[in-house]
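A.B. asks: Take this structure, written in structure tokens, and hold onto it; I'll ask about it next.
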């Protein structure tokens, strides 16, 4: 009997790469995103190419209704893989940003993954199997506004749950990529033209690395030598320098 994977933010970028990777491994895919037309397009492509079953669940995860719809689905149907990927960034300083946008970011990046894991993990624990990958960011190791803060929550919670469930066959991992060629920066209207080409990661490659690391029992996956090196430097830098670098990077993106 084929197992099911649920991917949020499944229509583009890292989420779309995860949906193809998991389908290639024989998982049926439940796809969650706001754009229903793109969801059906992605679902049809997965069925045609990989011969898997799909389920389309249009939901705005910034809303209570959208989050509840996905929660209710996971209560009713058995999910063996959860990919918490949905997210976005805000290209404004916190003191001048729109409060509703900040609340939406918190709801999508923090509230929804927490609630979905709170529903799904007890089920996985009872079955003694399952994989949860939380798509965090290298930004979780710096101080770069509310995006960094939200991703820090996701990384730390993943590490905590990894430890809590270490004696089970449930695998928890935080994927912490750096700059990746997706729609993310265009949607956030971020200026990325000055970034050297070697700093860009390929979505399919980092997703494959993330899956491999999760199955190997790694709590945190940092794809790319350049970002492994960066995180190593961050870990030994004085925190005031980390804060300064993080905020300067944010300013250059505006």
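The values are calculated or read from the model by the stated rules, or taken from the named source; none is laboratory data. Given the structure is predicted, the values throughout are model-derived calculations rather than measurements. Counting neighbours? That spans all protein chains shown, and the Cβs are built from the backbone with ideal geometry, glycine included.
A.B. asks: Looking at region 104-117, I want the residues that are over 16 Å from residue 72 (Cβ atoms) and have a partner that is assigned to a helix (DSSP H, G or I) and modelled with pLDDT under 95 with Cβ atoms under 8 Å, at least 6 apart or on another chain. Which pairs are those?
C.D. replies: 105/146; 105/147; 106/146; 109/147
A.B. asks: Now for a separate question. When region 26-45 is examined, which residues are found to be farther than 15 Å from residue 57 by Cβ and in contact (Cβ under 8 Å) with a residue 12 or more places away in the chain?
C.D. replies: 26, 27
A.B. asks: Scan region 118-136 and give yes if some residue there is at pLDDT 95 or above, surrounded by fewer than 23 Cβ atoms within 10 Å (Cβ to Cβ) and either in a strand (DSSP E or B) or within 13 Å of the chain's Cα centre (by Cα) (or both), otherwise no.
C.D. replies: Looking for residues that are at pLDDT 95 or above, surrounded by fewer than 23 Cβ atoms within 10 Å (Cβ to Cβ) and either in a strand (DSSP E or B) or within 13 Å of the chain's Cα centre (by Cα) (or both), one finds at least one in region 118-136, hence yes.
A.B. asks: Just give me the residues in region 182-223 being modelled with pLDDT of 70 or more, assigned to a loop (DSSP other than H, G, I, E, B) and farther than 19 Å from residue 160 by Cα, in sequence order.
C.D. replies: Hits for region 182-223 are 200, 202, 223.
A.B. asks: Something else about it: Looking only at residues in region 39-51 that are in contact with a helix residue (DSSP H, G or I) (Cβ under 8 Å, 6 or more places away or on another chain) and farther than 30 Å from residue 102 by Cβ, which one is surrounded by the most Cβ atoms within 10 Å (Cβ to Cβ)?
C.D. replies: Pass one, region 39-51, residues in contact with a helix residue (DSSP H, G or I) (Cβ under 8 Å, 6 or more places away or on another chain): 42, 46, 49-50.
Of the ones still in play, those that are also farther than 30 Å from residue 102 by Cβ are 46, 49-50.
Working: 46: 24, 49: 11, 50: 19.
Looking at the filtered set, the residue picked out is 46.
A.B. asks: Look through region 143-176, keep the residues that are in a loop (DSSP other than H, G, I, E, B) and over 17 Å from the mean Cα position of the chain (by Cα), and return whichever of them is surrounded by the most Cβ atoms within 10 Å (Cβ to Cβ). Please lay out each step first, then the result.
C.D. replies: Of the residues in region 143-176, the ones in a loop (DSSP other than H, G, I, E, B) are 143-144, 165-169, 176.
When the remaining residues are screened for being over 17 Å from the mean Cα position of the chain (by Cα), the result is 143-144, 165-169.
Working: 143: 17, 144: 25, 165: 18, 166: 11, 167: 8, 168: 16, 169: 12.
Result: 144.
A.B. asks: Let me ask you something else. For region 12-31, give me the residue count where each residue is crowded, with 24+ Cβ neighbours inside 10 Å and farther than 17 Å from residue 210 by Cα.
C.D. replies: Of the residues in that region, 3 qualify.
A.B. asks: Mind counting the residues in region 233-245 that are out of contact with any helix residue (DSSP H, G or I) (no Cβ under 8 Å at 6 or more places or on another chain) and surrounded by fewer than 11 Cβ atoms within 10 Å (Cβ to Cβ)?
C.D. replies: 4
A.B. asks: Residues of region 52-67 being in contact with a helix residue (DSSP H, G or I) (Cβ under 6 Å, 6 or more places away or on another chain), within 15 Å of residue 36 (Cβ to Cβ) and not in a strand (DSSP E or B), which ones?
C.D. replies: Once the filter is applied, which keeps residues that are in contact with a helix residue (DSSP H, G or I) (Cβ under 6 Å, 6 or more places away or on another chain), within 15 Å of residue 36 (Cβ to Cβ) and not in a strand (DSSP E or B), region 52-67 yields 59, 60, 61.
A.B. asks: Further, regarding this structure: Scan region 199-232 residue by residue and report those that are in contact with a strand residue (DSSP E or B) (Cβ under 7 Å, 6 or more places away or on another chain), closer than 21 Å to residue 129 by Cα and surrounded by 13 or more Cβ atoms within 10 Å (Cβ to Cβ).
C.D. replies: Within region 199-232, 209, 210, 213, 214, 218, 219, 220, 221 qualify.
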